[in-house]
Amino acid sequence: MAKEILLGKTLEELTQVVLDLKLPKFTAKQIADWLYKKDITSIDEMLNLSLKARTLLKDNFDIGLTPTIKEQCSVDGTKKYLYPTNLPNQFIETAYIPDDDRSTLCVSSQVGCKMACLFCMTGKQGFQGQLSSGDIINQVRSLPEWHKLTNIVYMGMGEPLDNVPEVMKSLEILTADYGMGMSPRRITVSTIGIIPGMRKFLNESECHLAVSLHTPFDDERKKLMPVQNVYPVKDVLKMIREFDFGRQRRVSFEYIMFKGINDTPSHVKELCKILDGIKCRINLIRFHPIPNSPLLGSDENTVEEFKDMLNKKGITTTIRRSRGLDIFAACGLLSTKELVKQQNKDF
C-alpha cells in the first residue's frame, strides 16, 4: 500500500499529521523547514526530529520528491524537464528559463487541459487529470536549479484556475514563511478567465494575475477559446474592475498574435475600449505553429506596429521573447501526448 506524501502539505496539514502520530505540535514546523527550505531526500535526514518521530513518519509517509526523468536544453539556455505525476503513466513538462540575473520556472498545474484553445498543444492533448499540490511543488523542489529561481509563472500545461484547491495550496507553500518564503510579487498565475477561480485567487493570494485575452471581439474569441461561451471576456473584465490591484500587485493580458485574425488597427481600438480604466500591461506573444492548426503567426513588422499603436494609446505593451522554441518549450507548445502514446505501445 502506497504511503501518503508529505510534499505539498501546508503547515496546517502537517500539524494534523504530527498530532495524529501523537508527536509534539512544533514538529510540524520542523518538517516544513526540511521539506521546503533544505536539500534533503529522506526523512532520516530530518536530524532535529527525534528518532521516534522519524520512525513514525517513515512508517506512514514518504517525502514525495520525484526527480525529473528527462532534460532537454535549448540553444538559448532554456531547459525543459519531464516529470512523472501522482497519476499512473502520466507526465508533465516544466520549462526553466534563465536570463541574466533572473531565472523563471514555468510550472504545470494539470496533466493536459480541458479548455481546447485552438492555438495550444496542451489543449490538443486533452485532459488527463489534476496535479496535486505536491506535484506542483515537486516541479520547484526537485528542479536541479531550484536555489537559483527568482520567478515562477503558472503558464505550463493546464489551466491553473480549473484546479483551484491544489494551486492555492501550492501558492501558500511557495510564499509562506514556513515554506519557501518567495515574494508573491515574484509569482504570476495565468488564466483564460475562469471567473469563480479568479475570484478566489484574487481574494486569497497576493500573486500577480495574467489573463489570456488574444482578441477583444466576442465572435473571434469564441473561435479561438471555447471558454468565451461560458465566461465572456466582458464578465472577466467586470470582475477585474471590481478588484483593488493596489500594493504593487499587477494584472496583465496575454495576447498571441495571429496573422489576419487579431492584428489589425481595429483590434487596437477595441482593446483600448474594453480595457479602459484598468491599470494593466499587454504582453504580445509570437505564435508558434502547431500541427493541424489553421493559424499562422503575424509577421514581425505587424507585431512591432501593433505594440507601438497600443503604447501610443497609453497601454504599456511589450513583446515577449520566445524561448526554448527548438525544444518545444515555448508558449503553447508543452505536451506529453506523443510520449504517452509511445509508452502505451511499449506496454
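The values are calculated or read from the model by the stated rules, or taken from the named source; none is laboratory data. Since we're looking at a predicted model, the values are computed, not measured. Positions of Cβ are generated from backbone atoms using ideal geometry, with glycine treated the same way; all protein chains shown enter the neighbour counts.
So in region 11-23, with the set limited to residues that are part of a loop (DSSP other than H, G, I, E, B) and in contact with a helix residue (DSSP H, G or I) (Cβ under 7 Å, 6 or more places away or on another chain), which one is surrounded by the most Cβ atoms within 10 Å (Cβ to Cβ)? Steps first, answer last, please.
The initial filter retains those residues of region 11-23 that are part of a loop (DSSP other than H, G, I, E, B), namely 21-23.
Pick out the ones that are also in contact with a helix residue (DSSP H, G or I) (Cβ under 7 Å, 6 or more places away or on another chain) and you get 21, 23.
Details: Leu21: 15, Leu23: 19.
Only one residue fits best here, namely Leu23.
Looking for whichever is closer than 26 Å to Leu325 by Cβ and in contact (Cβ under 8 Å) with a residue 60 or more places away in the chain here; the options are Leu296, Leu224. Which one fits? Talk me through it step by step, then tell me what you get.
Numbers: Leu296 fails: in contact (Cβ under 8 Å) with a residue 60 or more places away in the chain.
Result: Leu224 is the single residue among Leu296, Leu224 that is closer than 26 Å to Leu325 by Cβ and in contact (Cβ under 8 Å) with a residue 60 or more places away in the chain.
Can you name the residue in region 313-344 that is of a type in the set (D, E, K, R) and either under 15 Å from Phe91 (Cβ atoms) or in contact with a Phe, Trp or Tyr (Cβ under 6 Å, 6 or more places away or on another chain) (or both) and is also modelled with the highest pLDDT among such residues?
In this case the residue turns out to be Lys337.
Could you say which residue among Asn311, Asn229 is touching a Lys or Arg at 6+ places or on another chain (Cβ under 7 Å), more than 30 Å from Ile173 (Cα to Cα) and free of Cβ contacts under 8 Å to residues at least 12 places away in the same chain?
The conditions single out Asn229.
What number goes with the only condition from (1) touching a residue at least 60 places away in the same chain (Cβ under 8 Å); (2) surrounded by fewer than 16 Cβ atoms within 10 Å (Cβ to Cβ); (3) in a helix (DSSP H, G or I) that Ile137 does not pass?
(2)
So which residues in region 122-134 are in a helix (DSSP H, G or I) and either outside the structural domain of Cys331 (by TED's automatic domain parsing) or closer than 20 Å to Thr66 by Cβ (or both)? Outline the logic, then answer.
Within region 122-134, the first condition is being in a helix (DSSP H, G or I), and the residues that meet it are 122-125, 133-134.
Ser133, Gly134 - these are the residues of region 122-134 that are in a helix (DSSP H, G or I) and either outside the structural domain of Cys331 (by TED's automatic domain parsing) or closer than 20 Å to Thr66 by Cβ (or both).
So which helices (runs of 4 or more DSSP H) stay within region 183-284 end to end and still have 3 or more residues that are within 21 Å of Ser109 (Cα to Cα), touching a Ser or Thr at 6+ places or on another chain (Cβ under 9 Å) and not basic (Lys, Arg)? Working first, answer last.
Values: elements: 195-204, 218-224, 233-241, 265-274.
Fully inside region 183-284 and qualifying: 195-204.
Condition first: surrounded by fewer than 16 Cβ atoms within 10 Å (Cβ to Cβ) and basic (Lys, Arg). Now tell me which residues in region 44-84 satisfy that.
Lys52, Lys58, Lys70
Table: residues versus (1) of a type in the set (Lys, Arg); (2) part of a helix (DSSP H, G or I); (3) in contact with a Pro (Cβ under 7 Å, 6 or more places away or on another chain).
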site	(1), (2), (3)
Lys9	yes, no, no
Lys25	yes, no, no
Tyr36	no, yes, no
Thr41	no, no, no
Ala53	no, yes, no
Leu56	no, yes, no
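Within region 320-330, can one find any residue that is touching a residue at least 24 places away in the same chain (Cβ under 8 Å), charged (D, E, K, R) and buried (at least 16 other Cβ atoms within 10 Å of the Cβ)? Let's see the steps before the verdict.
Step one: filter region 320-330 for residues touching a residue at least 24 places away in the same chain (Cβ under 8 Å), giving 320, 322-330.
Next cut, charged (D, E, K, R) only: 320, 323, 326.
Then keep just the ones that are buried (at least 16 other Cβ atoms within 10 Å of the Cβ); that gives 323.
Yes, region 320-330 contains at least one residue that is touching a residue at least 24 places away in the same chain (Cβ under 8 Å), charged (D, E, K, R) and buried (at least 16 other Cβ atoms within 10 Å of the Cβ).
Working only within region 140-179, note down all residues that are buried (at least 20 other Cβ atoms within 10 Å of the Cβ), of a type in the set (S, T, N, Q) and not in a helix (DSSP H, G or I).
Asn163
When region 59-82 is examined, which residues are found to be over 15 Å from Glu145 (Cα atoms) and outside any loop (DSSP other than H, G, I, E, B)?
Asp59, Asn60, Phe61, Asp62
So is Leu118 more than 14 Å from the chain's Cα centre (by Cα), aliphatic (A, V, I, L, M) and at pLDDT below 95 or not? Full working, then the answer.
Details: more than 14 Å from the chain's Cα centre (by Cα): yes; aliphatic (A, V, I, L, M): yes; at pLDDT below 95: yes.
Answer is yes for this residue.
Only one of these conditions is not met by Val111: (1) of a type in the set (A, V, I, L, M); (2) part of a loop (DSSP other than H, G, I, E, B); (3) in contact with a Leu (Cβ under 9 Å, 6 or more places away or on another chain). Which number is it?
(2)
Among the candidates Ile274, Ile278, Ile290, single out the residue that is in the same structural domain as Gly193 (by TED's automatic domain parsing), aliphatic (A, V, I, L, M) and touching a Cys at 6+ places or on another chain (Cβ under 8 Å). Steps first, please.
Details: Ile274 fails: touching a Cys at 6+ places or on another chain (Cβ under 8 Å); Ile278 fails: touching a Cys at 6+ places or on another chain (Cβ under 8 Å).
Every option except Ile290 fails the conditions.
If I filter region 250-261 for residues that are modelled with pLDDT under 95 and within 24 Å of His208 (Cα to Cα), do I get at least one hit? It would help to see each step written out before you state the result.
We begin by selecting, within region 250-261, every residue modelled with pLDDT under 95; these are 250.
With within 24 Å of His208 (Cα to Cα) added as a condition, the list becomes 250.
Looking for residues that are modelled with pLDDT under 95 and within 24 Å of His208 (Cα to Cα), one finds at least one in region 250-261, hence yes.
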